[in-house]
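Trainee: My questions all concern the structure below.
The values are calculated or read from the model by the stated rules, or taken from the named source; none is laboratory data. Fair warning: this is a prediction, and the values are worked out from it, not measured in the lab. Neighbour counts are summed over all protein chains in view; Cβ atoms, including those assigned to glycine, are modelled from backbone coordinates with ideal geometry. Just the protein is used for accessible areas: all its heavy atoms, side chains included, with ligands, DNA and RNA removed. Shrake-Rupley method; radii C 1.70, N 1.55, O 1.52, S 1.80 Å.
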Amino acid sequence: MDVFGSFALLLAFVCALYALLGGIAAILTRHPLLIKSTRQAGIAACCLIFLATLSVVYLFVTDNFSMSYVVSHSNRDLATFFKVVALWSGQEGSLLFWCFLLSIYIFSVLVAYRNKHGELMPYVGTILAGVQLFFLTISNFVASPFKSLAIAGSSGGLEYFAKADGNGLNPVLQYPEMIIHPPNLYSGYTGFTIPFAFALAALLARYPGEKWIHLTRKWTMIAWCFQTVGILLGAHWAYAVLGWGGYWGWDPVENASFLPWLTGTAFLHSVMMQEKRGMMKVWNVWLVFITFMLCILGTMLTRSGVVSSVHAFAQSNIGSWFVGFLLVVIAVCLVAYFKNRDYLKSENQLDSMVSRESSFLFNNLVLLVACIAILSGTLFPVFSEWFTGSRISVGAPFFNKVNIPLGLLLLFLTGVGPLLAWRKTSGESLRRNFLWPIVIGLLGGAIAFALGARDFYALVCFLLSTFVAATIGAEFYRGAKVIRARSNLTWLSSAVELTLRNTRRYGGYIVHFGIVMIFIGLAGQAFNQEVQKEIGVGGTVRIGPYELLLQAVDQKQEKNYVAERMIVEVLKNHKPVMILFPERRNFPTNQESGTMVAIYSTLREDLYVVYAGVNQGSEVPTIHVFLNPLVKWVWFGGIVVVMGTIVALLPSRHAALVLAGSKAPEVAPGFANAVPSSVALREGHD
Amino acid sequence: MTRTRRILIMALGLTIAAAPVTVLRVRAELDHAHELGKRIKCSCGGCEQSAGTCYHVGGSFSGPCDLAKTMIKEIQGHLDKGLNDDQVIQAMIAKYGPGAYVEPPKTGFGLVAWVMPGVYLLAGAALVVFVISRWRKRGVAAEATARNTKSVSPEILERARALARKATEE
């Protein structure tokens, strides 16, 4: 199977190479057969990558310990689903997995648009083949997962051998979320390749009209959604496994995943200016380019060892390959831009400083500043070493101090932007739209203050969150009211109807609401409490309204590890609430140990209990307890964001269908020619 | 604005505001050495975490870091000797070097890290204001041209229709 997989991967490389070179030839010659054959080569490469990936999974599941990668990341006692997950637990497998996810995207694009966008698709296919070729080069010749174990034999040749068992999977990866976190995050990273390909292709082909921007936006939203889920799942995994009581530590790998998310978010906002007003074409194209480049840069940073990270599993010497690829991408983008920049000439005009357009510009500014600040902070240790000879660390406190004000500014714009009209907002409109949200926001802040919130940023965050939620509520209310007046539906049905009629707009509002929830959760961190204490059996720890009683410490033998666990009874106001079982797991195969946090989670707070080890001298166990308010709001907010994105991706229902049965209003003949009927029936503005 | 609408919006806002803040409490004290440990980088070399939050073992990242624990004990030792917080931090920096700051010092090259985000924001804001002013001037000029034009040509009308369509369609 290893030979089969290795051959499939090599053949995929050949197909991708043909798709790239043939694609360039097809663009130059416009030969239909060449165009078709390169597309089919691209599809074939995707299928072959699928087979190669399947081969690695098969090698893991069948415990093939003659393969170096399997030996390093699995063992016989490992549960079967973790053997499948082990595919992406190391450098070689994760790169192949990257290739695999990219191939799913490429396959979808090549098949879905095989008979569409004839002028654009040869360019798109060629660009995608170029990206795929890079990853296939790495997977075939630099970090192949198909290396067999071998030693130099007495005859001078290589002698292959197999080990009886493997080294096992890293303990912290033996957690259910590892099944879904990397696939989502990688789907985000790889997904940004598609908008990049469409944007670059449109520029190179000087593709007329705005169709490409719609395609780019749609694929960006898909990638953005995966990236969001991936980031949040990673945060949840870190929270539930690592045991330090937090979910975001500004580790370089976390930062690397956040950077393209920020630029992708900026693009999803500024793209509206191009669609509605034909503005910011250059900016949008570069935002897409930069988002893709940040995906490559982030991968390079975290896999090259340039910056130290807790994600040490991925460090190797492949960074130079990524640097080379990044330079090629930058060069191609620059050449394409300077050669075709007249194609991006925009009709940039503004009627007023107080307009939706201005709010988008400031939104983009804040997102970009946050992105650059995080990137420069992440790279600062490297820069400081270059300039001063000593490495200056940049940890979480720095990133928090820099990004919290930026985040709050962004939250403010989230509330303000949707209330401003395109082109110009009148004073009366400002008063009408902002009065009540501001009053409610101030009330929210006042309530928070009255209840004891004294942390400045948390207070501002609660105030702004209430303000933004009020603006979103008001938007739904206004739209639903119009529908309700026409159709006699209930408020809820009207709101649903409204959303379905204009999925993009109201899906966006749902996303904003999810972001508000996440901000509320983040603000809760200002009120975290923690206690670390050595306690014997029968001892207690008090934190907030909880009292924790250590009932016992025992051991349990599992197939792959031995767990030492605390049995902790949780009492709230002297009443038993539940029993928690924080664990320390020792994995004999790879001589590693890991924590398994026990969490009692409610919407108000998380009681987070860690078995932090045993005092070597006294043999008394140490318990580390955190009381983290509002953490659940972050996870629920994430779910709302995903739901909103899905809604925004759905096609809008035609207004005329909603009004089926009611007579369409009479439209003057001249007006009917000028404006589509759907527009005539639509309420509100966008 | 109708009364019902005001009440509805207010109720929504207050619900959002009241739900989370009911849990607010005063921050509890962790042992002081542990708190101070959050201001010093862990010397394990495997991450950028502080000694107070480093949670990996043996180069992996699977539990409380032994090196971090040692550093916390050192901090406790300094506190026991009667050193104040800043003196403790300085003592730790003297031992582990400037790389032990968990955030860049606000002097020397470290100051660059603190200044740059503000510079990015100010420069960016200035650029945005400049761009907006420039685009506004174009908008005013276009409006003036339109006002001076006595009759509207079919081409301009069609362009206006297209713009209106763009501004309203999804």
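Trainee: Each residue of region B:68-74 in turn: what ³J(HN,Hα) in whole Hz from Karplus with 6.51, -1.76, 1.60 and θ = phi - 60°, glycine and Pro shown as x?
Mentor: Residue by residue, region B:68-74 yields 4, 4, 4, 5, 4, 5, 4 Hz.
Trainee: Under the rule of at least 5 residues apart or a separate chain, name every residue whose amide H is placed under 5 Å from the amide H of A:S593.
Mentor: For A:S593, the qualifying residues are A:F587.
Trainee: Straight-line reach from B:K41: which lysines fall under 28 Å, measuring Cα to Cα and dropping same-chain residues less than 8 apart?
Mentor: Hits, sequence-local ones excluded: A:K401, A:K533, B:K69, B:K73, B:K81, B:K95, B:K106.
Trainee: List nothing, just return the count: lysine pairs in region A:1-167, 8 or more apart or interchain, with Cα separation under 27 Å.
Mentor: Working: A:K36/A:K116; A:K83/A:K147; A:K83/A:K163; A:K147/A:K163.
Taking the Cα cut-off of 27 Å, the pair count is 4.
Trainee: Roughly speaking, to the nearest percent, how much of region A:527-632's 1.4 Å accessible area is carbon and sulfur?
Mentor: The nonpolar share, carbon plus sulfur, comes to 49 percent.
Trainee: Exposed loop sites here are GluC sites (Glu not before Pro) in DSSP loop states with at most 12 other C-beta atoms within 10 Å. What is the longest stretch of chain A lacking them?
Mentor: Answer from the scan: A:1-557.
Trainee: Here's something else I'd like to know. Calculate one ³J(HN,Hα) per residue across region A:509-515 by plugging θ = phi - 60° into the Karplus curve 6.51 cos²θ - 1.76 cosθ + 1.60, and present them in order as whole Hz with x for glycine and proline.
Mentor: 5, 4, 4, 4, 5, x, 5
Trainee: So how do A:I180, A:I440 rank on accessible area, 1.4 Å probe, biggest first, that is with the largest at the start?
Mentor: Working: A:I180 80, A:I440 0 Å².
The residues order as A:I180, A:I440, largest area first.
Trainee: Here is a further query. Suppose accessible area is computed on protein heavy atoms with a 1.4 Å probe; arrange A:S487, A:S89 from highest to lowest. The partial results should precede the final answer.
Mentor: Details: A:S487 45, A:S89 5 Å².
If we order A:S487, A:S89 from most to least accessible, we get A:S487, A:S89.
Trainee: Taking amide hydrogens as modeled 1.01 Å from N in the peptide plane, which residues meet the under 5 Å criterion relative to A:F192, leaving out close sequence neighbours?
Mentor: For A:F192, whose amide H was placed from the backbone, there are no distant partners under 5 Å.
Trainee: Using only DSSP helix segments of four residues or longer, with each worth -39500 (n - 2.57), what per-residue ellipticity at 222 nm results for chain A after dividing by its residue count and rounding to 500?
Mentor: Rounded to the nearest 500, the figure is -20500 deg cm²/dmol.
Trainee: Measuring from centroid to centroid over Cα atoms, what is the spacing of region A:340-368 and region A:519-573 in Å?
Mentor: 52
Trainee: Per residue, how many Å² of accessible area does the protein assembly as shown show with a 1.4 Å probe?
Mentor: Ligands and nucleic acids excluded, the result is 41 Å² per residue.
Trainee: Here is a further query. Just tell me the longest site-free run in chain A, where the sites are trypsin sites (Lys or Arg not before Pro) in a DSSP loop having at most 12 other beta-carbon atoms within 10 Å.
Mentor: With a cap of 12 other Cβ atoms within 10 Å, the longest stretch comes to A:346-558.
Trainee: Quick check on region A:527-632: what are the equivalent-ellipsoid semi-axes from the Cα gyration tensor, as sqrt(5λ), descending, whole Å?
Mentor: Calculated on Cα positions only, the semi-axes equal 24, 16, 12 Å.
Trainee: With unit charges on the beta carbon (Lys/Arg positive, Asp/Glu negative), name the residue among A:I49, A:L28, A:A162 whose Cα is farthest towards the positive pole of the charge dipole of region A:1-167.
Mentor: Going by the Cα projections, it comes out as A:L28.
Trainee: When a/c reaches 1.5 or more, the comparison of a/b and b/c decides; with that in mind, is chain A rounded, prolate or oblate per its Cα gyration tensor? Write down the numbers at each step before the final one.
Mentor: Numbers: a/c = 1.94, a/b = 1.12, b/c = 1.74.
Taking the square roots of the gyration eigenvalues as a ≥ b ≥ c, chain A is oblate.
Trainee: Enumerate the amide H contacts of A:N502 below 5 Å, restricted to partners 5 or more residues apart or on another chain; note that Pro and chain-start residues carry no placed amide H.
Mentor: A:R653
Trainee: As a test of reading the structure, rank A:L136, A:L442 by solvent-accessible area (1.4 Å probe, protein chains only), most first.
Mentor: Solvent-accessible surface, decreasing: A:L442, A:L136.
Trainee: Leaving out same-chain residues fewer than 8 places away, which aspartates and glutamates sit with a Cα under 20 Å from that of B:K137?
Mentor: A:E347, A:D351, A:E357
Trainee: Provide the net charge surrounding B:G108, with neighbours chosen by a C-beta distance below 15 Å and charges set as Lys +1, Arg +1, Asp -1, Glu -1.
Mentor: Combined, the nearby Lys, Arg, Asp and Glu give 0.
Trainee: Turning to a different aspect of this structure: Using only protein heavy atoms and a 1.4 angstrom probe, determine the accessible area buried between A and B, summed over both sides, in Å² to the nearest 100.
Mentor: Answer for the A-B pair: about 8100 Å² buried.
Trainee: Here is a follow-up. Within region A:1-167, what whole-number % of the accessible surface is contributed by carbon and sulfur, with the 1.4 Å probe and all protein chains included in the calculation?
Mentor: On the way: 4630 of 6950 Å².
Heavy-atom surface of region A:1-167 belonging to carbon and sulfur, 1.4 Å probe: 67 percent.
Trainee: Moving on. What nm value, rounded to one decimal, do you get for the distance between A:F383 and A:R114 when each label is placed 7 Å out toward the C-beta?
Mentor: If labels sit at A:F383 and A:R114, their model points lie 5.0 nm apart.
Trainee: Only four residue types carry charge here, +1 at the Cβ of Lys and Arg and -1 at the Cβ of Asp and Glu. Report the dipole size of chain A about the Cα centre in Debye, rounded to the nearest 20. Don't skip to the answer; put the middle values down first.
Mentor: Values: 49 positive and 36 negative charges, 492 e Å.
The dipole of chain A has a size of about 2360 debye.
Trainee: Using Cα pairs under 8 angstrom and six or more residues apart, how large is the relative contact order of chain A, in percent?
Mentor: Details: 1185 pairs, mean separation 69.4, N = 686.
Normalised by residue count, the contact order of chain A is 10 percent.
Trainee: Step through the residues of region B:80-97 one at a time and calculate ³J(HN,Hα) from phi using the Karplus curve (6.51 cos²θ - 1.76 cosθ + 1.60, θ = phi - 60°), rounding each to whole Hz and writing x for Gly and Pro.
Mentor: Whole-Hz 3J(HN,Hα) from phi for region B:80-97: 4, 6, x, 6, 7, 4, 5, 5, 5, 4, 5, 5, 5, 5, 4, 7, 9, x.
Trainee: Which percent of the accessible heavy-atom area of region A:221-379 goes to carbon and sulfur, probe 1.4 angstrom?
Mentor: Its accessible area is 73 percent carbon and sulfur atoms.
Trainee: Threshold 40 Å², probe 1.4 Å: give the residues of region B:95-115, in number order, that are less accessible with all protein chains present than with their chain alone.
Mentor: Checking the loss per residue gives B:V102, B:E103, B:P104, B:F109, B:A113, B:W114.
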